[in-house]
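This report refers to the structure that appears directly beneath it.
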Amino acid sequence: MCSVNIKVNEDVLRDMRPDLNSTAAIRLWVQQIIDHHIQQMEFEDSETISIEEAREMTLAAVREEYAKV
């Protein structure tokens with residue numbers, strides 16, 4: 001794990017999100033955003049397939065199409 005420091009204009013943020021009324025609330029909110037983005041990146045990474053898998057799928061589709069002819 002690592003720690004990151006960021007600067008946030010608290011007044012602007014609190015005008016937009018009154019529930020973020022403390023540094024602790026802002027810290028939790030930012031952590032949730034980061035965690036969500038990391039999960040999204042992991043999901044997107046798991047959706048990709050290897051070039052070999054793509055090749056096999058393509059060959060199977062071509063063979064199936066030619067079998068119909």
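Given the condition outside any helix (DSSP H, G or I) and out of contact with any Phe, Trp or Tyr (no Cβ under 7 Å at 6 or more places or on another chain), answer yes or no: does some residue in the range 24-42 qualify? Working first, answer last.
Step one: filter the range 24-42 for residues outside any helix (DSSP H, G or I), giving none.
Taking every residue of the range 24-42 in turn, none turns out to be outside any helix (DSSP H, G or I) and out of contact with any Phe, Trp or Tyr (no Cβ under 7 Å at 6 or more places or on another chain).
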All but one of (1) part of a helix (DSSP H, G or I); (2) open to solvent by 100 Å² or more (accessible area, probe 1.4 Å); (3) among the basic types (Lys, Arg) hold for Lys7; state the number of the condition that does not hold. (1)
Name every residue in the range 43-62 that is in a helix (DSSP H, G or I) and loosely packed, with under 10 Cβ neighbours inside 10 Å, in order of residue number. Phe43, Glu44, Asp45, Ser46, Glu47, Ile51, Glu52
When you check Leu13 against the structure, is it in contact with a Leu (Cβ under 7 Å, 6 or more places away or on another chain) and assigned to a helix (DSSP H, G or I), yes or no? yes
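Could you grab me the full set of residues in the range 23-42 that are open to solvent by 90 Å² or more (accessible area, probe 1.4 Å) and within 18 Å of Asn5 (Cα to Cα)?
Initially, the range 23-42 is screened for residues open to solvent by 90 Å² or more (accessible area, probe 1.4 Å), giving 27-28, 31-32, 36-37, 39, 41-42.
Across the range 23-42, the qualifying residues are Arg27, Leu28, Gln31, Gln32, His37.
The values are calculated or read from the model by the stated rules, or taken from the named source; none is laboratory data. Everything quoted here is computed from the prediction, not taken from an experiment. Here the Cβ is made from the backbone with ideal geometry for all residues, glycine too, and neighbour counts use every protein chain on show. When the accessible area is computed, the model is the full protein with side chains, heavy atoms only, and any ligands, DNA or RNA have been set aside. Shrake-Rupley method; radii C 1.70, N 1.55, O 1.52, S 1.80 Å.
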